[in-house]
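The values are calculated or read from the model by the stated rules, or taken from the named source; none is laboratory data. Fair warning: this is a prediction, and the values are worked out from it, not measured in the lab. Positions of Cβ are backbone-derived with ideal geometry, glycine not excepted, and every protein chain shown enters the neighbour counts.
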Amino acid sequence: MNFIFPPHCPFCHKYVENRGDWCKVCLELACQPHRLPITAPMQSVIDSAWALSVYRGGTRDLIRGLKYHNKRSNLPYITRLLQAAEQSAGVKKLLSESCCAVAVPLHETRQRKRGFNQAELIFGDWLCDHSVPMEKMLRRVRQTKPLYPLTARERADNLKDAFQIEPGSVIRGKSILLVDDILTTGATLYTCAKVLKQAGAEKIYALVLASDQL
């Protein structure tokens with residue numbers, strides 16, 4: 001396979017040794033773990049939030065290819081990015097303080113159509129390697145509109161009562177890592193965190209693969 005389809009860097013397409021590898025320069029450009037600013041409403045439910053890369057860079061193509069075109073061949077590159085990001089002291093602390101992780105859920109109609117939850121695919125195995133199991137504590141009970149064209153007030157109305165606790169979930173007293181592929185406005189993460197907090201979570205941290213917020 002490597003002879004017929006030689007592995008290459010996902011950004012510059014330079015040939016690399018193994019499938020999923022990046023060239024050194026592009027990996028350094030893509031891997032930018034950074035703490036995200038938390039707005040006043042989010043501070044009440046989210047203790048800290050981190051992104052592992054910048055969305056407007058080439059990471060956007062990896063995420064969009066996975067989400068909208070089912071390009072699971074992008075996953076090895078994403079996993080390598082996660083492995084590079086885990087060297088950050090902030091990311092290490094985040095993982096060590098989380099007892100379990102919860103992926104932002106899709107509505108069952110959208111997940112059935114897509115075939116997967118991208119946040120679970122992106123983070124599941126990597127978090128398991130760090131002894132942070134993924135648990136299904138949330139469910140999306142109604143479909144919502146895309147948030148990017150909406151005002152802050154419209155986003156809040158759009159997400160109102162969209163999430164509920166999964167029956168039988170044990171949440172009280174736990175430190176939960178809430179994960180998603182990207183953060184744009186933060187409205188979805190805030191709404192999910194609020195539901196978990198109301199159910200008794202002690203601390204909630206947020207982690208996304210990419211964000212344009214710096």
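Each residue in segment 14-31 was checked for being loosely packed, with under 13 Cβ neighbours inside 10 Å and farther than 18 Å from S73 by Cα, and 3 of them qualify. Here is the figure for segment 56-65: residues that are crowded, with 16+ Cβ neighbours inside 10 Å and either in a loop (DSSP other than H, G, I, E, B) or not assigned by TED's automatic domain parsing to the domain that holds V195 (or both) total 2.
Residues that are assigned to a loop (DSSP other than H, G, I, E, B), surrounded by 13 or more Cβ atoms within 10 Å (Cβ to Cβ) and either not assigned by TED's automatic domain parsing to the domain that holds P37 or not basic (K, R) (or both) do occur in segment 149-156, at least one of them. For segment 32-55, state whether one or more residues are surrounded by fewer than 16 Cβ atoms within 10 Å (Cβ to Cβ), at positive phi and part of a loop (DSSP other than H, G, I, E, B). No: zero hits. If you go through segment 104-134 and keep only what is surrounded by 13 or more Cβ atoms within 10 Å (Cβ to Cβ), polar (S, T, N, Q) and at pLDDT 95 or above, you end up with N117, Q118. Within segment 100-112, residues that are within 13 Å of T144 (Cβ to Cβ) and in the same structural domain as W126 (by TED's automatic domain parsing) have Cβ atoms under 6 Å from residues that are surrounded by 19 or more Cβ atoms within 10 Å (Cβ to Cβ) and small (G, A, S) in these pairs: V104/A119, counting only partners at least 6 apart in sequence or on another chain.
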